[in-house]
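Each remark here refers to the structure printed beneath this line.
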Amino acid sequence: MSSQGPRPRVGLFATCLVDLIRPSVGFAAAKLIEDAGCEVVVPEQTCCGQPAFNSGDRATARAIALGLLDAFQGVDYVVAPSGSCAGMLKRHVPELFAGEPDLARRAQALADKTHELVSFLTDVRGVTSVAARFDGAVTYHDSCSGLRELGVRDQPRRLLESVEGLTLTEMKDSDVCCGFGGTFAVKYGEISDAIVAKKAANVEGAGAATLLAGDLGCLMNMAGKLQRQGSATRVRHVAEVLAGMADGPAIGEPDSRP
């Protein structure tokens, strides 16, 4: 259910990983945004620029950001099914144009209208429940960027409570990093593996059949570790469950459908 009012135009920032690895998350996000009374458009887009930004390549990050300023200038909101990508647009893109009044103004305008998906549904559109069913117990991982940069914690849990058949079982240290961290996992593989090993143990300890989160990078990292350990835990993006679109293969599983 959503609040009533004008039908805003929402630019869906699909993210690289969703576009290339898990398009079903993008379709689920679009459905949720439309169900919240919005028009969804998907402008031509590239990366959010975070890998370059975090690696110190400000020139490339700036070039990417300039493209985003143009791509999303004609929408009321920008919504991403990813706390890390939304965090980049909302918190860090303005940093790239400090001291340049015109571009700084445009960058701040982009930041002000950018939201993580579930936060947009609950905090902006007033969504309190979804018409979805998912049978079984799930546990939820709080991705670092969504939690610490955008304050996303209670919002997904509130919506998951409205999903018929679903039981939410909290894991130990749900708010502790999974070890992905984008380029961190590439530069510091052994440390990353040690961190995700602890996360996998906490996931298993929760006893839930399904692990959910709001960031595909984190989900892929955790799914990979769980599968390498022979775990039966299935991994999905929270949007797929909230949209009632969780009937396909879980992350990392082959698609055997005809």
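The values are calculated or read from the model by the stated rules, or taken from the named source; none is laboratory data. All values derive from a computational prediction rather than experimental measurement. Here the Cβ positions follow ideal geometry from the backbone for every residue, glycine too, while neighbour counts run over all protein chains shown. These area figures cover heavy atoms from the full protein model, side chains too; ligands, DNA and RNA do not enter into them. Shrake-Rupley method; radii C 1.70, N 1.55, O 1.52, S 1.80 Å.
Could you check region 211-258 and list, in sequence order, the residues that are open to solvent by 30 Å² or more (accessible area, probe 1.4 Å) and more than 14 Å from V196 (Cβ to Cβ)?
G230, A232, R234, G244, M245, D247, E253, P254, D255, S256, R257, P258
Conditions first: (1) out of contact with any His (no Cβ under 9 Å at 6 or more places or on another chain); (2) crowded, with 20+ Cβ neighbours inside 10 Å; (3) more than 22 Å from D19 (Cβ to Cβ); (4) not charged (D, E, K, R). V203 passes all but one, so which condition is the exception?
All conditions pass for V203, except number (1).
Contact list please: Cβ distance under 6 Å, first residue in region 139-159 and charged (D, E, K, R), second residue open to solvent by less than 40 Å² (accessible area, probe 1.4 Å), pairs at least six apart or on different chains.
Once the first residue is charged (D, E, K, R) and sits in region 139-159, its partners that are open to solvent by less than 40 Å² (accessible area, probe 1.4 Å) give D142/S174; E149/G87; R153/D142; R153/L147.
On the given criteria, is A111 in contact with a Pro (Cβ under 6 Å, 6 or more places away or on another chain), surrounded by fewer than 21 Cβ atoms within 10 Å (Cβ to Cβ) and free of Cβ contacts under 8 Å to residues at least 40 places away in the same chain?
yes
Go through region 54-82 and give me each residue that's over 27 Å from P6 (Cβ atoms) and at pLDDT 95 or above.
D57, R58, A59, T60, A61, R62, A63, I64, A65, L66, G67
Restricting to region 114-137, and then to whatever is free of Cβ contacts under 8 Å to residues at least 40 places away in the same chain and open to solvent by 30 Å² or more (accessible area, probe 1.4 Å), can you tell me which residue is nearest to the chain's Cα centre (by Cα)?
The selected residue is H115.
Would you confirm whether or not region 161-169 contains a residue that is open to solvent by less than 20 Å² (accessible area, probe 1.4 Å) and of a type in the set (D, E)?
No: region 161-169 contains no residue that is open to solvent by less than 20 Å² (accessible area, probe 1.4 Å) and of a type in the set (D, E).
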